[in-house]
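What follows is calculated from the coordinates using simple rules that are stated; it is not laboratory data. As the structure is a prediction and not an experimental result, all values here were calculated from the model. Don't worry about glycine lacking a Cβ; one is built from the backbone with ideal geometry, like all the others, and counts go over all protein chains shown.
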């Protein structure tokens, strides 16, 4: 009963390096989201997707790109990492954006040196 | 500025005490959710409220949505160490795909 799986769980990068965070869900959800969580700021939406092949910008999209080539996967990319992107990243999915719960992964802790 | 303000930010209480956490906004939400997050894990949904004035109970937890749908509260009766965690409120505005999260209330219940 996996739900939402994020890989990797931890990563340390140097400034300017690139990487991709992977999110996979096995619940056949249409909607998927990427958030970042910083101390005292709750969760802020980076990008989201309302279905396979679609993506849209959230509250803090700068410096990130996303892709949803398959319904079950949502990838978050950092092309040139900056120290300001040090954060915990959470992926979530839901059936419908209304009153349905968002199901979260356990997060990826990313440090940019 | 946060669209959803939660208070208090931190709360440390003794087991058995009661507490209330608040989630306030100047904006109207069509629904509001409360999540609990434990260290090293993602948030987990506790409840969704959709009607102004609505009250929902989940064992010792009581959730209320304000009449004007701009605020919400979470009341815990006889808190237990297992209630320790980060409590997040999240609101959805009409016609939006997105949830707006508050900054959270970190609760510590001491045995």
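Summary table below
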| read-out | value |
| --- | --- |
| Inter-chain Cβ neighbour average for residues B:33-42, partner chain, 10 Å | 4 |
| Sorted largest first, extent of the protein assembly as shown alpha carbons per principal axis (Å) | 48, 38, 37 |
| Residue B:93/residue A:9 FRET efficiency (R0 25 Å; Cβ-Cβ; nearest 0.05) | 0.15 |
| Taking only Cα atoms of the stretch A:1-94, radius of gyration then Dmax in Å | 12.7, 37 |
| The stretch A:69-96-the stretch B:29-81 distance, computed between alpha-carbon centres (Å) | 27 |
| The stretch A:62-113: relative contact order in percent, alpha carbon pairs under 8 Å with at least 6 residues between | 32 |
| Cα-based shape type of the stretch B:40-80, given that a ≥ b ≥ c are square roots of the gyration tensor eigenvalues and the cut on a/c is 1.5 | oblate |
| Computed label-point distance, nm, for sites residue B:27 and residue B:3 using a 7 Å Cα→Cβ extension | 0.2 |
| Likely footprinting exposure, B:76, A:46, fewest C-beta neighbours within 10 Å first | B:76, A:46 |
| Exposure proxy ranking, count of Cβ atoms within 10 Å, fewest first, for A:50, B:109, A:66 | A:50, B:109, A:66 |
| Length-normalised contact order for chain B - Cα pairs under 8 Å, 6+ apart - percent | 37 |
| Taking A:55, B:105, B:51 and counting other C-beta atoms within 10 Å, the order from fewest to most | B:51, A:55, B:105 |
| Tensor-based shape of chain B (alpha-carbon gyration tensor, a/c under 1.5 rounded, otherwise prolate or oblate) | prolate |
